[in-house]
1. So, restricting to helices (runs of 4 or more DSSP H) that lie completely within the stretch B:65-153, which ones have at least 3 residues that are within 13 Å of another protein chain (Cβ to nearest Cβ)?
2. Collect the residues in the stretch A:194-208 that are charged (D, E, K, R) and open to solvent by less than 30 Å² (accessible area, probe 1.4 Å), keeping them in residue-number order.
3. Taking B:ARG142 as meeting all but one of (1) open to solvent by 50 Å² or more (accessible area, probe 1.4 Å); (2) within 30 Å of B:GLN8 (Cβ to Cβ); (3) in contact with a Ser or Thr (Cβ under 9 Å, 6 or more places away or on another chain), write down the number of the exception.
4. For residues that are more than 19 Å from the chain's Cα centre (by Cα) and open to solvent by 20 Å² or more (accessible area, probe 1.4 Å), scanning just the stretch A:55-66, find the one that is nearest to A:ALA145 (Cα to Cα).
5. Go through (1) open to solvent by less than 10 Å² (accessible area, probe 1.4 Å); (2) within 14 Å of chain B (Cβ to nearest Cβ) and name the single condition A:GLY140 misses.
6. Can you pull out every residue in the stretch B:214-236 that is in contact with a Gly (Cβ under 6 Å, 6 or more places away or on another chain) and outside any strand (DSSP E or B)?
7. Kindly indicate whether any position in the stretch A:249-270 is modelled with pLDDT under 80, part of a loop (DSSP other than H, G, I, E, B) and out of contact with any Lys or Arg (no Cβ under 9 Å at 6 or more places or on another chain).
8. Return a yes/no flag: does the stretch A:97-105 have any residue that is within 11 Å of another protein chain (Cβ to nearest Cβ) and not aromatic (Phe, Trp, Tyr).
Amino acid sequence: MSSRKLDKKVDSAFKFVGLAATLFGLVVLAALVVDVVSDGYHRLGWDFFTSFPSRKPEQAGIFSAWVGTIWIMITTAIFAIPLGIGSGIYMEEYAKRNRWTDFIEINIANLAGVPSVIYGILGLGVFIRLMHLDRSVLAGGLILALLILPVIILSTREALRSVPSSIREASYALGATKWQTIRHQVLPAGFGNILTGVILAMSRAIGETAPLITIGALTYIPFLPTNPVAFNKEIPYIHVSLQGFFDPFTVLPIQIFNWVSRPQKGFLADAAAGIIVLLTITLAMNAAAIYLRYKNQKRW
Amino acid sequence: MKQDVVIQIQGANSFYGKKQILKDVTLDIPAQTVTALMGPSGCGKSTLIRCFNRMNDLISNFRFEGKILYKGVDLYAKDVDITDLRREIGMVFQKPNPFPKSIYENVAYGVRIQGITDREFIDGVVEESLKKAALWEEVKDRLHESALSLSGGQQQRICIARALAVKPHVILFDEPCSALDPIATAKIEELITELKRNYTIIVVTHNTAQAARVSDFTAFLYLGDLIEFGPTARIFTVPQDKRTEEYLTGKFG
């Protein structure tokens, strides 16, 4: 057999192996989704979303879990987004290139790859033991904020870097200051990509279980964090409270984890239904990110 | 013929890292004229023009030695406000680079960043600048459409209008036509000739024919040295240096 013929054989063989590898991933994923949906879809209903967890599987729901997830996400966003975008802007636009900033840069990239349970242990030490935040929404949100901070910093820098220098030069040439150039030209031009990065980071945080279990987030929470805004009959009629940030919480992945570890069959259906909800949220966020990325593709 | 001098370059040396780009360039740029900086790639003409509004400051390993006086003031003095300077000395770049915003916002930007918010005033500046850039008739009905929807030549005229809006005294053109077709090029050249009545214009070009068409004075640079400077008509008819003559007759470059 000539080597030319052999090359062709190898070529088609590789094509086949590649296709098989791709299909394997897709089929396994599809099987998992089908399995989960068939296990859990009959539990999905209004009651499932409005019931607290219960000892009886058929009465249990994810009320405290999805409300907790929203609390945690908001807390995470409050800390991670301004800090992440701020440091991204600083490092990309202001910091001088030297050994020190190179060192910081490498470490941020490394931090993005640190296993999440390590952040949980850090959080346990700093936020709970040292700062006495207990197992609160604030502690959980701060840990997840730390976890996704490197991701947001990196994607902000990436987004700013993709803004062509010709735009900056044009702005400077008109007598704009550095901040005006960043504020009016660079940030708006990179906004779509920054937002994409933020959404992807948040969708990672929403599925995190390990760091929250490490700090001992409770799994049986038959109540919600205190409402931030309450209405009453006395002046001034409205009562704003930050107490919710200091209340204990649970989140969807923890609730799911808890149900999966129960022996009763019924809880497995609850877990499957919870997974459907979590998957839907995550997929929706990723879809939004993909859409934004597509929409913001090179306009110059 | 005695001309007022706007920019005086005195012993300009510039470096990227250790590499020297400009070598002891000394040159006076006369007011209300078009001066062409001409030369082959790598001769330092773009580096030189970017010294006039200190655009090179954006490059971290750039270093400048010498003096450039604008109306007698050293541009590289420590107390010079660089943003004020860039308002006086506008720039149009090689590739049209409108902001990814509307036509109106592109032209209004330079005025807005000065803190001016008066709507009528800005409207007036936008219209006036677009008229001066010979673009008003083409875009007056779609001022709020994206500037990126325009053709390359129109985009370049947007960039000219944008530069005019901040009322500069000097306008720097860094190979403004290198990305344009011949018809768009002709329009820009016509515009440059038109603008020199009110502005001092410096054009970088490697195109000898363009230098001959638009400029009153021509400086020929080669490998960082200023070889020759004088009235364009004289440079093109009786070049005094052999290298100028060779470049003009197409022996290199």
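The values are calculated or read from the model by the stated rules, or taken from the named source; none is laboratory data. Keep in mind that what you see is a predicted model, and the values were worked out from it rather than measured. Here Cβ is always computed from backbone atoms with ideal geometry, including for glycine, and neighbour counts include all displayed protein chains. Only protein heavy atoms, including side chains, enter the accessible area calculation; ligands, DNA and RNA are left aside. Shrake-Rupley method; radii C 1.70, N 1.55, O 1.52, S 1.80 Å.
1. B:82-88, B:103-112
2. A:GLU208
3. (2)
4. A:PHE63
5. Exception for A:GLY140: condition (2).
6. B:GLY224 - this is the single residue of the stretch B:214-236 that is in contact with a Gly (Cβ under 6 Å, 6 or more places away or on another chain) and outside any strand (DSSP E or B).
7. no
8. Yes, the stretch A:97-105 contains at least one residue that is within 11 Å of another protein chain (Cβ to nearest Cβ) and not aromatic (Phe, Trp, Tyr).
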